[in-house]
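Here's the structure we're looking at; comments come further down.
Every number in this text was worked out from the coordinates using simple rules, so none of it is lab data. This is a predicted model, so every value here is computed, not measured. A quick note on method: Cβ atoms are made from the backbone with ideal geometry, for glycine too, and the neighbour counts reach across all protein chains shown.
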Amino acid sequence: MSATAVDQQKKAPKDLRNVVDFLRSSKAGMKIRVGVLGGKRIDYFKGKSAIKAVMSPAYAKLKNVPKVTSEAEAQTLLHSIIPFAFFLRVERGQPSGSSSSSSKTLQIIREQQFKPEDYYAWFYEGSQWTTYVGAVAMVVIMLAGVMFPLWPPTFKLGVSYLSMGVLGLLGLFFAIAIVRLIFYIITVIVASPGIWIFPNLFADVGFVDSFIPVWDWDIKKKSGKK
C-alpha cells in the first residue's frame, strides 16, 4: 500500500471508516475475489456486492454509520468513500497465468466513480485488532506451556482434571455417534425408513439444538413447488 493511500485513509471521517470496516469484515458477506495489480495479488469486489452489503440487515444494526434506505443512497455513500482510497475502481483484464482460472489482471482507472457493475480493488486490510489479540494470546499460551514445570501443584492438578474432562466429552461424543449409527442401521432393516437418534447432531445448529429432538424418522423433506 502506498503512503499516499494511507494518508488519504487517515483523513476519512469516523462514520465512513466504520462503513469500510464493515465492508472489509465477514459480516458484510461480500464476495471477495483475488486479482493481480502491478505484479502483486490484491483483493477486489464487484460494486453490486458492496451495495447489497450496505442494504443488508447486518448493516442496519450498526451504529455511527450513514443510514441507507435505497440503492441510490447506497451508491452515493460508496462513491463518497472513493476519495479516501480505501478501494479504487479497476478494470479487469486477462488471466495473469497460462490457465483461464488464474487470477485476473487489474488496472486502476483514472475516472473514479462507483457503479454496480464495475470492479473495485481493496487498498485497506481492515481492522487489525483481532490479529494483535491472537498474537498476544499465542505468546501467552506458549509461555504458559514452557513454564508448566514451575506451576503450583494446585494449578497442575486443575489442568489435569480439565484435560480429562475434555477427553471424556470427546469420547462421549464419538460413542453417541457410533451408537446412533448402529441403531439407525438396525431400524432401517426392521422399521424402514429408519430412525435417527439426535437427528440434528451434525447439523449446523446451536449446541442445545443438536440434541433436539431426541429421535426422528429418516424422512427426506420435500421442497415445495414454486
Residue 105 long-range amide H proximity, modeled H, under 5 Å: 36, 93, 94, 96
Checking the table 10/46; 40/63; 27/156; 61/104; 63/104 against a 29 Å threshold on Cα-Cα, which pairs fail? 40/63; 27/156; 61/104; 63/104
Which percent, to the nearest 5, of DSSP beta bridges fully inside the chain are antiparallel? 95 percent
By the scheme Lys and Arg +1, Asp and Glu -1, what is the net charge of all other residues having a beta-carbon under 11 Å from that of residue 28? +3
Three-way shape call for the stretch 6-140 based on the alpha-carbon gyration tensor, with the a/c threshold at 1.5: oblate
For each of 17, 41, count neighbouring Cβ atoms within 10 Å of the residue's Cβ, then give the residues from fewest to most. 41, 17
If we count every other residue with Cβ under 12 angstrom of residue 103's Cβ, Lys/Arg +1 and Asp/Glu -1, where does the sum land? +4
Throw me the Rg/Rh for the stretch 51-108, computed over C-alpha atoms with Kirkwood Rh, two decimals. 1.15
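Quote the FRET efficiency, to the nearest 0.05, computed for residue 212 versus residue 177 with a Förster distance R0 of 22 Å and r equal to the Cβ-Cβ distance.
In this case the efficiency is close to 0.85.
Can you pull the percent of Cα pairs in the stretch 140-200 with separation above 14 Å? Kindly include the intermediate steps, with their values, before the conclusion.
Numbers: 1293 of 1830 pairs.
In whole percent, the long-distance tail amounts to 71.
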Which label marks the calculated value of semi-axes √(5λ) of the Cα gyration tensor in Å, given the options (1) 48, 20, 16; (2) 33, 19, 16; (3) 46, 30, 19? (3)
Per residue of the chain, what 222 nm ellipticity follows from adding -39500 (n - 2.57) for every DSSP H run with n ≥ 4, rounded to the nearest 500? -14000 deg cm²/dmol
